[in-house]
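Read through the structure below, which is laid out as structure tokens, and then see the notes.
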Amino acid sequence: MAKRLIAFDTTSRNSNLALIEFVRDYLDGYGVKSELVFDEGGGKANLYATIGPQDQGGIMLSGHTDVVPIDDQDWHTEPFQLIEKDDRLYGRGSSDMKSFVATVLSLVPVLVQRNLRTPVHLSFSYDEEVGCLGVRRLISVLAGRPNRPRLCIIGEPTMMQVGIGHKGKHTLHCRVHGHEAHSSLVHQGVNAIEAAAEIIARLKEIARRKRDHGPFDPDFEPPYSTIHTGLIQGGTALNIVPRECTFDFEIRPLPGEDIEPMIAELRDLAENRLLPEMRAVQPGTDIVIEERSSAPALNTPADAEVTQLAAALSGLNGTIKVPFGTEGGLFSAAGIPSIICGPGSIDQAHKPDEFVALDQIARCEAFLQRLIDRVSQR
Ligand SMILES: [Zn+2]
């Protein structure tokens, strides 16, 4: 099954429909009906299905179907062809996270054979890698339903440990609109790059404050909220005062930390310090800061039902917090408590020669078998 799933090039910029239709037909073959929740253009879809009683909420097994690009990566195997070598499966998405989806699907014959007391829901999303975009539509469809999932296990790679928390991730875009002038007449222009640089310097200042003064959570690496500027573009030539500068930055707050005061500080800098000076030269100049995507942090209590369940199924003591974002924050915020537990390691994700160890898949299979035993009629 992993071989089949990895063969679909579901890089986020592509449609995922070929994979989704394959899964739908596969489930259909076992008499399981799928519901597709499409994106605006109809080129991508989430798939949602329930096995077992339809009139109550059960346990959702959730994964994303998209993968990150292979562009400019030095692969030694064919990325969209699963290769088994040295007790590992190589291929794009092998650890993040098609092996989990494949393991779940491979157990569908068992799931339909058993008489389930508690339903098992399957949720396979699109566009997770580009800001957890796709699953939001599915969540809004499920939100009003009395039989929406009661809890959720997300199979992102944790080496089958139980992950109960991660930071949030907010991506923001800033556009500075200045005014062009000959570079010998700087006083007649408004330098967009310089204004952008002042905002970026403030971002760095806030980042240092978080690093030095917290808040801190020692379960995270690093143990504080982080901010970084990752892209910048501006200017046309050295002898022209630049009119435009844009940059992108991200904030990854610890669970419970509000990013609004940070944004407010930037807006205050823009509105009360930079813009008055800019507009004194040229009234039409502007600074626009907008949030491009936001995925909330995950902070599931150690004594929550879903945590206890996953701990029992994994047979491992203790829980972890993971360094990457997932759809779990969105599910939890929508009233579906979530944990992260899946085969493989995030160390291999997003890299060339991505792989998952076969013993991880075996452990995932055992985990899911125990889940099936638990929700079956005796
Ligand atoms: Zn992932």
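A few points about this structure:
- Restricting attention to the chain, the count of lysine pairs at 8 or more positions apart or across chains with alpha carbons under 15 Å apart stands at 6.
- For the chain, with +1 on Lys and Arg beta carbons and -1 on Asp and Glu, the positive-most of 10, 142, 157 along the dipole: 142
- Scattering curve values for the range 257-378, log₁₀ I(q)/I(0), Debye with Cα scatterers, q = 0.09, 0.13, 0.23 Å⁻¹: -0.48, -0.74, -1.37
- Considering only 364, 132, 276, the residue lying farthest towards the positive end of the dipole of the chain is 364, judged by Cα position with unit charges set on Cβ.
- The range 101-153 shape via C-alpha gyration tensor axes, a/c threshold 1.5: oblate
- Across all Cα pairs in the range 1-88, the calculated P(r) in 5 Å bins from zero up to the longest distance comes to 3, 11, 19, 21, 17, 13, 9, 5, 2, 1 percent per bin.
- The orientation-averaged shadow of the Cα convex hull for the chain, equal to a quarter of the hull surface, comes to 21.3 nm².
- Dipole moment magnitude, nearest 20 debye, the range 76-171 about Cα centre, only Lys, Arg, Asp, Glu C-beta charged: 640
- Longest to shortest principal axis, alpha-carbon extents of the range 327-378, angstrom: 43, 30, 9
- The residues 213, 177, sorted by heavy-atom accessible surface at 1.4 Å with ligands and nucleic acids left out, run 213, 177 from largest to smallest.
- Restricting the range 12-50 to GluC sites (Glu not before Pro) that sit in a DSSP loop and have at most 16 other Cβ atoms within 10 Å of their own Cβ leaves 40.
- Cα-centred dipole magnitude for the chain, charges only on beta-carbon of K, R (+1) and D, E (-1), debye, nearest 20: 1040
- Between helix 17-28 and the chain there is an angle of about 20 degrees, using the helix long axis and the longest principal axis of the Cα atoms.
- For the pair the range 214-270 / the range 318-347, the C-alpha centres are spaced 24 Å from each other.
- Fraction of beta bridges assigned by DSSP in the chain that are antiparallel (%, nearest 5): 75
- Farthest toward the positive end of the dipole of the chain, out of 61, 325, 178, is the Cα of 61, where the dipole comes from beta carbon charges about the Cα centre.
- Accessible area per residue for the chain is 45 Å², calculated with a 1.4 Å probe on protein heavy atoms, without ligands, DNA or RNA.
- In terms of overall dimensions, the range 286-331 has a Cα radius of gyration and Dmax of 15.8, 57 angstrom.
- For the chain, with all protein chains in place and a probe radius of 1.4 Å, 49% of the accessible heavy-atom surface sits on carbon or sulfur.
- The range 121-253 - charge dipole about Cα centre, Lys and Arg +1 at Cβ, Asp and Glu -1, debye rounded to 20: 540
- Acute angle (nearest 10 degrees) that the helix 260-269 long axis makes with the longest principal axis of the chain, alpha-carbon atoms: 20
- Gyration tensor verdict on the range 36-156 (Cα atoms; rounded if a/c is under 1.5, prolate if a/b is larger than b/c, oblate otherwise): oblate
- Taking trypsin sites (Lys or Arg not before Pro) across the range 24-66, the ones in a DSSP loop with at most 14 further Cβ atoms lying within 10 angstrom of their Cβ are 33.
- Just so you know, the Cα atoms of the range 99-202 work out to an Rg and Dmax of 24.6, 80 Å.
The values are calculated or read from the model by the stated rules, or taken from the named source; none is laboratory data. Quick caveat: nothing in here was measured; it's all calculated off a predicted structure. Positions of Cβ are backbone-derived with ideal geometry, glycine not excepted, and every protein chain shown enters the neighbour counts. Heads up: the accessible areas ignore ligands, DNA and RNA and are worked out on the full protein's heavy atoms, side chains in. Shrake-Rupley method; radii C 1.70, N 1.55, O 1.52, S 1.80 Å.
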